[in-house]
Amino acid sequence: LVNADDPDVIEIWNIVFIQYNRDEKGLNLLPQKHIDTGMGLERLVSILQNQSSNYDIDVFTPIFEKLSEFSKVGSYEGKLGEEDATLKDTAYRAIADHIRTLSFAIADGAVPNNEGRGYVLRRILRRATRYGQQILKAEPGFFQQLVPTVVETFGEAYPELVENQATITEVIAEEEAAFSSMLDRGIKFFTELEEEMKAEGKTEVSGEKAFYLYDTLGFPIDLTELMAEEAGMTVDNRGFAGEMEAQKRRSREARAAAKAGGSPRLELVAEQTAALAEKKVWP
């Protein structure tokens, strides 16, 4: 059964022997050698609680129950793969995972932004928001309301969640509100694009369209890829990278022109262009 993709065979603990460092010259022995051991807490709990999935253990149940208060398509049923044709249960699992991740990360001092780990947080927050509003038909603002449940569930073991609950809620609320203002436009744009492509027999979203979703509507590329996959399509990542590089080149040229005394180029991020669009201010 091992290595045969049997769902009843899972790894709950592994041991790694730390001995080498790899650099441009190859493998080199480390001055200090040790053993790193790691155990999957949720996997272990699923065995102790006789559950076949991590998502059926008691740390997820309160989040699912709270989320069901905002869902207009029903409660969590634990369906997977083809059985989850509407992606309802996939949405529940993703949202529960993401609200935990964001709560812990923000409590530790990280914040969503456009760089490094901050952009990872922004991406997963927008992914969760899209799942909730599009798949579960939840109203904007649902995501921040899951924070108290996370704090209540984990706060005794992780007091930093209790101490930083107000900050966690505030940061998530601001990010959720900023993206919600663009989400409907993005979903409408992608839905129309999907219908147009299928009518033409196309299955690959162009790099230009993917970049428009990213640059103007604030959709991270992995979110566009996810939506394309759900629709049975793919994304031209090479074309997207080309569009991204072209934007960076324009930005460099604008900075160089400003330093040389030319007129500075004003560049707005997606949230700013969306706010202007809401006020009917067009370029």
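The values are calculated or read from the model by the stated rules, or taken from the named source; none is laboratory data. The structure displayed is predicted, hence computed values, not measured ones. We place every Cβ from the backbone using ideal geometry, glycine too, and count neighbours over all the protein chains shown. With ligands, DNA and RNA removed, areas are computed over all heavy atoms of the protein, side chains included. Shrake-Rupley method; radii C 1.70, N 1.55, O 1.52, S 1.80 Å.
Scanning the stretch 56-65 for residues that are surrounded by fewer than 14 Cβ atoms within 10 Å (Cβ to Cβ) and modelled with pLDDT of 95 or more gives a single hit, Glu65.
Which one of Leu226, Leu183, Leu213 is farther than 18 Å from Leu102 by Cα, out of contact with any Asp or Glu (no Cβ under 8 Å at 6 or more places or on another chain) and in contact (Cβ under 8 Å) with a residue 60 or more places away in the chain?
Numbers: Leu183 fails: in contact (Cβ under 8 Å) with a residue 60 or more places away in the chain; Leu213 fails: in contact (Cβ under 8 Å) with a residue 60 or more places away in the chain.
That would be Leu226, the only listed residue that is farther than 18 Å from Leu102 by Cα, out of contact with any Asp or Glu (no Cβ under 8 Å at 6 or more places or on another chain) and in contact (Cβ under 8 Å) with a residue 60 or more places away in the chain.
Within the stretch 66-78, if we keep just the residues that are at pLDDT 95 or above and within 21 Å of the chain's Cα centre (by Cα), the residue that is least open to solvent (accessible area, probe 1.4 Å) turns out to be Leu67. Exactly one residue out of Thr191, Thr203, Thr167 is touching a residue at least 40 places away in the same chain (Cβ under 8 Å), more than 17 Å from the chain's Cα centre (by Cα) and open to solvent by 10 Å² or more (accessible area, probe 1.4 Å), and it is Thr167.
Taking the listed residues Arg122, Arg43, the one that is assigned to a helix (DSSP H, G or I) and closer than 30 Å to Tyr214 by Cβ is Arg122, with no other qualifying. Here Ile106 fulfils each of the conditions (1) farther than 18 Å from Gly141 by Cβ; (2) assigned to a helix (DSSP H, G or I) apart from (1).
Being in contact with a helix residue (DSSP H, G or I) (Cβ under 8 Å, 6 or more places away or on another chain) and not in a loop (DSSP other than H, G, I, E, B) is the filter; apply it to the stretch 229-240 and report the residue that is nearest to Asn113 (Cα to Cα). Let's see the steps before the verdict.
Of the stretch 229-240, the ones in contact with a helix residue (DSSP H, G or I) (Cβ under 8 Å, 6 or more places away or on another chain) are 231, 233-240.
Checking the rest, the ones that are also not in a loop (DSSP other than H, G, I, E, B) come to 234-235, 237-240.
Working: Thr234: 27, Val235: 24, Asn237: 22, Arg238: 24, Gly239: 24, Phe240: 21 Å.
Ranking the qualifying residues of the stretch 229-240, first place goes to Phe240.
When the residues of the stretch 86-110 are filtered to those that are under 12 Å from the mean Cα position of the chain (by Cα) and of a type in the set (Gly, Ala, Ser), the one that is nearest to Tyr131 (Cα to Cα) is Ala91.
Answer with yes or no whether Thr191 is under 20 Å from Leu67 (Cα atoms) and polar (S, T, N, Q). So that I can check it myself, show each step before the final result.
Values: under 20 Å from Leu67 (Cα atoms): no; polar (S, T, N, Q): yes.
So Thr191 fails the test.
For the stretch 31-55, the set of residues classified as among the aliphatic types (A, V, I, L, M) and open to solvent by less than 60 Å² (accessible area, probe 1.4 Å) consists of Leu44, Val45, listed by residue number. Here Ile15 meets the list (1) in contact (Cβ under 8 Å) with a residue 12 or more places away in the chain; (2) within 24 Å of Arg126 (Cβ to Cβ) almost entirely, failing just condition (2).
I want to confirm something. Restricting to the stretch 79-103 and keeping residues that are open to solvent by 70 Å² or more (accessible area, probe 1.4 Å) and part of a loop (DSSP other than H, G, I, E, B), which single residue is farthest from Thr167 (Cα to Cα)?
Top of the filtered list is Ala85.
Only a single criterion out of (1) in a helix (DSSP H, G or I); (2) of a type in the set (D, E, K, R); (3) in contact with a Lys or Arg (Cβ under 7 Å, 6 or more places away or on another chain); (4) surrounded by fewer than 16 Cβ atoms within 10 Å (Cβ to Cβ) is not satisfied by Lys137, namely (1). Thr224 fulfils the conditions (1) modelled with pLDDT under 85; (2) touching a helix residue (DSSP H, G or I) at 6+ places or on another chain (Cβ under 7 Å) except for a single criterion, (1).
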